[in-house]
Amino acid sequence: MNEVELYKFDVLGYLILEDVLSPEEVAELNRLVDAQSLPEPGLETSGARFSNYLAWGQSFCTLLDHPAIMPYLKVILGDGFRLDHYYGIYMRAGTERLNLHGGNTPYDPPEYYHFRNGNMYNGLTVVAWNLTDTGPGKGGFCCIPGSHKANYACPPEIKEAHIDSGMVVIPEAKAGSVVIFTEALTHGTAPWTAAYQRRSLLYKYSPAQQSWSKTHLQPPTGVTLTPRQQLLFEPPYFHQRQSLFTTEE
């Protein structure tokens, strides 16, 4: 991460990496999603998710340790981070918002942002791959920038007002882009208004010694993982954990 990216993540709590995937790669991932014949997404956020997509094709596994995100995750989470859980989001016009959640206060042990001795330390961190355009006038990821360092809890009035509070932003993130954010950030989803489906793949990583999820993920079947990708499915521990950056990809 360069100085500008470090500053942005520290101040905002998120980064957007543009054009990480080519149009052809985005089209292939969307094709693989289409091949599942998923039911029409519901208008409630609980019915707008899908899971287990790592088993749908090698293209999804490639994103696990994509070279474009690994340097960022090493700075944000430290070496030895692990895949905690993952799911996809698909929304159709009219799908409701996801309420604001997260935030530095009250303190949530698995979701934190600390800064010590010139380095950042994060808990659960999200890498969201956009397979369709999101942003103002469409919907998708939204947040209160800087709230990962807030000293007061988000007032109920702001949570209820959501995108109308004057504090929430809906950053533009085009298909092929990646949004990386700390779960300590107060964030949610803006209602989906675009005529096409929102499609995002969320990979959620934890530092080496920590687990947010009660269960530990098992590697997907039917696909081939590289040695480094296999390490991402290790259970949480710290002592003598193998480096992700000296392991063959």
Please identify the DSSP H helices in the chain that span no less than 15 Å along the helix axis (Cα) and have a mean Kyte-Doolittle hydropathy of -1.0 or more. 23-34
Quote the charge dipole size of the chain about the Cα centre in Debye, to the nearest 20; the model charges only the Cβ of Lys and Arg (+1) and of Asp and Glu (-1). 380
Starting from the Cα of Lys149, draw a straight line to each of the lysines and keep only those under 16 Å, dropping any in the same chain fewer than 8 residues away. Lys8
Cα-centred dipole magnitude for segment 32-93, charges only on beta-carbon of K, R (+1) and D, E (-1), debye, nearest 20: 80
What is segment 60-191's relative contact order, in percent, from Cα pairs under 8 angstrom and six or more apart in sequence? 35
Could you calculate the contour length gain from Val4 to Ala27, that is, 0.36 nm times the residue separation minus the distance between their Cα atoms, to one decimal place in nm? 5.2 nm
What whole-number distance in Å separates the alpha-carbon centres of segment 17-63 and segment 201-236? 18
Report relative contact order for the chain in percent, whole number only (criteria: Cα-Cα under 8 Å, sequence separation at least 6). 30
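Coordinate-derived values only; no laboratory data. Since the structure is predicted, the reported quantities are computational estimates derived from the model, not experimental observations. Because the Cβ atoms are built from the backbone with ideal geometry, glycine has one as well, and the counts that use them run over all protein chains shown.
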